[in-house]
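A short worksheet on the structure shown next.
The values are calculated or read from the model by the stated rules, or taken from the named source; none is laboratory data. Everything numeric here is computed off the predicted structure, so don't read it as measured data. Note that we place each Cβ from the backbone using ideal geometry, even for glycine, and neighbour counts take in every protein chain shown. In case anyone asks, the SASA skips ligands and DNA or RNA and just uses the protein heavy atoms, side chains included. Shrake-Rupley method; radii C 1.70, N 1.55, O 1.52, S 1.80 Å.
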Amino acid sequence: TRRSSDLCATIDLILFHEISAPWILPLRLVRRLTGKRRPALVMDTRSLPMPVPDKQTWKDKLRKAAYFIGKQLGNRFADGRLAITPRMAAAVGIPPTKLWGTWASGADVEHFALARTNRHWPSPDDSIRLIYHGSMHHERNLMALCRAVIRANAQGMPFHLSLVGDGTERAELEDFAAQAKGAVRVLMPVSYETVPEVLSRAHVGVLPFLDEEQF
């Protein structure tokens, strides 16, 4: 279409993830029909499907299938591939001729400086406030962390844990928090703009992932 032709003429590069491959890669056909060599189509890999096999929903299975279809399409039809690390590139089988490079994820340091400047550290008698922000899926090992917080409190070490996000384990975590007498809280997801303010309310950020290669 004319709109697609105009797009090819004004954009140099389109960076996309596996889930978008079926919608983005047809632009390669538009390029061929119009005789253009741009935009370059570059597929980036940030993570892998990680649902625990016995916890997978039909949506998880569909998402996993779509991921692998997108991966194969990218390996064959994308102009280039990017990954978060060299090990990730090897894990997803990116052909060396397609690998344009690896680049780590990062955050806007200036945007997140608010979390540091607004944080108030606890006095000796205060509890330590822990916070997790991210996906609440079973493979994130959050329930084990919740139990550890309860055990620590039972032994006289005061901790409070806030979990912020959403995912397949959210309902179970909410049920646990309801019996935790305030030591564990499960909060709704927040916008990117407000994450620094949420982090500033806690003392320590936690990532209780299992000791597995995928993490």
- Query: Which is open to solvent by 30 Å² or more (accessible area, probe 1.4 Å) and either at pLDDT below 90 or out of contact with any Pro (no Cβ under 7 Å at 6 or more places or on another chain) (or both), of Ala78, Ala9, Ala21?
  - Reply: Ala9
- Task: For the range 24-41, name all the residues that are closer than 22 Å to Leu99 by Cβ and at pLDDT below 80.
- Result: Arg37, Arg38
- Query: Restricted to the range 83-126, and to residues that are within 17 Å of the chain's Cα centre (by Cα) and under 26 Å from Glu193 (Cβ atoms), which residue is least open to solvent (accessible area, probe 1.4 Å)?
  - Reply: Ile84
- Task: Tell me, please, whether a residue that is open to solvent by less than 90 Å² (accessible area, probe 1.4 Å) and more than 21 Å from the chain's Cα centre (by Cα) can be found in the range 61-71.
- Result: no
- Take Asp54 and decide whether it is open to solvent by less than 20 Å² (accessible area, probe 1.4 Å) and either modelled with pLDDT of 90 or more or part of a helix (DSSP H, G or I) (or both). no
- Scanning the range 33-62 residue by residue, those polar (S, T, N, Q) and in contact (Cβ under 8 Å) with a residue 40 or more places away in the chain turn out to be Thr45, Thr57
- Query: Here is a list of conditions, (1) exposed (fewer than 15 other Cβ atoms within 10 Å of the Cβ); (2) assigned to a loop (DSSP other than H, G, I, E, B); (3) among the aliphatic types (A, V, I, L, M); (4) at pLDDT 95 or above, and Ala144 meets all of them except one; can you say which number that is?
  - Reply: (2)
- Quick one: is Ser135 at pLDDT below 95 and either surrounded by 13 or more Cβ atoms within 10 Å (Cβ to Cβ) or out of contact with any Phe, Trp or Tyr (no Cβ under 7 Å at 6 or more places or on another chain) (or both)? yes
- Task: Could you please let me know if Arg151 is over 20 Å from Ala171 (Cα atoms), outside any loop (DSSP other than H, G, I, E, B), open to solvent by less than 40 Å² (accessible area, probe 1.4 Å) and modelled with pLDDT of 90 or more?
- Result: no
- Item | Filter result (touching a residue at least 12 places away in the same chain (Cβ under 8 Å) and of a type in the set (Gly, Ala, Ser)) within the range 180-210 | Ala180, Gly182, Ala183, Ser200, Ala202, Gly205
- Please give the number of the condition Ser123 fails out of (1) part of a loop (DSSP other than H, G, I, E, B); (2) within 30 Å of Thr57 (Cα to Cα); (3) of a type in the set (Gly, Ala, Ser). (2)
- Query: Quick one: in the range 169-213, which of the residues that are part of a loop (DSSP other than H, G, I, E, B) and open to solvent by 80 Å² or more (accessible area, probe 1.4 Å) is nearest to Asp54 (Cα to Cα)?
  - Reply: Glu212
